[in-house]
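The structure under discussion appears below in the form of structure tokens.
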Amino acid sequence: MVALISRTGRHLQRYNEGCRQVVGCIPYRYKNGKQPSSVDGDLNEELEVLVISSQKSQKMLFPKGGWEMDETIEEAASRESLEEAGVIGSVELIELGWDVLQCKLGKWSFMSKRYNTFYEGYMFPLLVKEQLEFWPEKNVRGRKWMTASKAKEVCQPLWMKEALDRLVHRLKSSQQSEEEDEKDVAPCSLC
């Protein structure tokens with residue numbers, strides 16, 4: 001069951017030395033439903049990311065919002081993607097070579113234009129499993145799937161553009177690592 005009401009208020013909001021902590025995701029999917037190999041296709045052509053419009057304007061960005069005290073950082077990231085973009089997925093651990101897993105794309109400090117205060121922003125990759133027809137902020141936000149390069153053009157916040165670059169780099173590194181692992185596998189002598 002999905003709640004169709006967004007959380008509001010700041011009474012559970014997390015702060016770090018006066019900086020509001022916000023968490024978001026870059027929702028992504030592959031056009032054919034699976035990560036392409038270099039043989040199958042170019043990651044730049046196959047990867048799609050979901051951008052949403054701001055509540056106050058038509059500026060495009062990725063889902064993000066306050067990290068609250070009663071949830072983990074990953075739960076907050078997933079919740080914001082559900083509330084603002086209407087997507088459900090998994091906050092991804094992406095393999096970066098032998099036994100190296102990374103989840104968070106990074107941490108940024110930025111100035112809120114609306115409140116004239118500094119925020120700490122964390123971004124995560126979210127591999128989308130389901131896109132909902134109805135979601136809490138459907139009436140106040142638009143959403144659109146596009147290539148990562150197009151999203152980088154339309155996304156307004158610079159820190160989110162940097163997070164997108166990190167996601168694309170990480171997915172390419174993961175793709176290359178998987179292909180190298182396949183090359184290194186010796187043929188089975190029993191076959």
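Computed from the coordinates by the stated procedures, all read-outs in this text should not be read as laboratory data. On a predicted model such as this, the values are computed, not experimentally measured, just so you know. Methodologically, a virtual Cβ is constructed for each residue, glycine included, from the backbone with ideal geometry; neighbour enumeration extends over all protein chains shown.
For the reader, a short list of remarks on this structure follows.
- If the segment from residue 70 to residue 173 were pulled out straight at 0.36 nm per residue, it would be longer than the present Cα-Cα gap by 33.7 nm.
- When the alpha carbon gyration tensor of segment 15-169 is reduced to an equivalent ellipsoid, the three semi-axes, largest first, read 24, 18, 15 Å.
- Charge dipole magnitude, Cβ of K and R +1, D and E -1 - segment 15-169, Cα centre, debye nearest 20: 760
- Listed by chain and number, the lysines placed with their C-alpha closer than 21 angstrom to that of residue 152 are 31, 56, 59, 64, 104, 107, 113, 144, 161, 172; residues fewer than eight positions away on the same chain are left out.
- Residue 32-residue 55 pseudo-label distance in nm [points 7 Å out on the Cα-to-Cβ vector]: 4.1
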